[in-house]
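For reference, the structure is listed below as structure tokens.
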Amino acid sequence: QVQLVESGGGLVQPGGSLRLSCAASGRIFSLYTVGWYRQAPGKQRELVATITSTGSTNYTDSLKGRFTISRDKVKKTVYLQMNSLKSEDTAVYFCNRPSRASAGYWGQGTQVTVSS
């Protein structure tokens, strides 16, 4: 089994950047597709981006160009680089495997707050 733990959130100003990390433990991490999700206050949780075991990526259209997902298989870590942050990006960000997300299993997430 693989466990994913996200970190790197914090308070940033509009237009700023932040890099989130998703550290994996357990077996065969490299075989899994991993996604970043977020949930803003009063909003439904949404998928931000995914990256497959081969490095193929997919993004929510509205975020493509500002956010970049990447994977380091040696470090067993998936990253989410967030640039040109807006107040609407404020949310709790989660990393997860799609299968676990569909089953309703989530970690604690990491808070990202974009504010002046």
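The figures follow:
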quantity: Distance histogram in 10 Å bins (all Cα pairs of region 60-116, percent per bin); calculated: 19, 45, 33, 3
quantity: Carbon plus sulfur fraction of accessible area for the chain, probe 1.4 Å, in percent; calculated: 46
quantity: Within region 5-64: Cβ-based charge dipole about Cα centre, in debye rounded to nearest 20 (Lys, Arg +1; Asp, Glu -1); calculated: 60
quantity: Restraint check, Lys43/Lys64; Lys43/Lys73; Lys43/Lys86, Cα-Cα greater than 24 Å; calculated: Lys43/Lys73
quantity: Rounded to whole Hz, the Karplus (6.51, -1.76, 1.60) HN-Hα couplings of region 89-104, x for glycine and proline; calculated: 7, 4, 5, 8, 9, 10, 10, 6, 8, x, 5, 6, 4, 5, 7, x
quantity: Rg in Å to one decimal, and Dmax rounded to a whole Å, for the chain via C-alpha atoms; calculated: 13.3, 42
quantity: Max mean-square fluctuation residue, GNM over the chain, Cα-Cα springs under 10 Å, options Val78, Val12, Val48; calculated: Val12
quantity: Calculated FRET efficiency for the pair Gln13/Ala103, C-beta based, R₀ 30 Å, to 0.05; calculated: 0.25
quantity: Debye log10 I(q)/I(0) for region 30-89, one point scatterer per Cα, at q = 0.12 Å⁻¹; calculated: -0.30
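The values are calculated or read from the model by the stated rules, or taken from the named source; none is laboratory data. Remember, it's a predicted structure, so these values are computed and weren't measured experimentally. Note that we place each Cβ from the backbone using ideal geometry, even for glycine, and neighbour counts take in every protein chain shown. Each accessible area value is taken on the protein alone, full model and side chains, heavy atoms only, with ligands, DNA and RNA left out. Shrake-Rupley method; radii C 1.70, N 1.55, O 1.52, S 1.80 Å.
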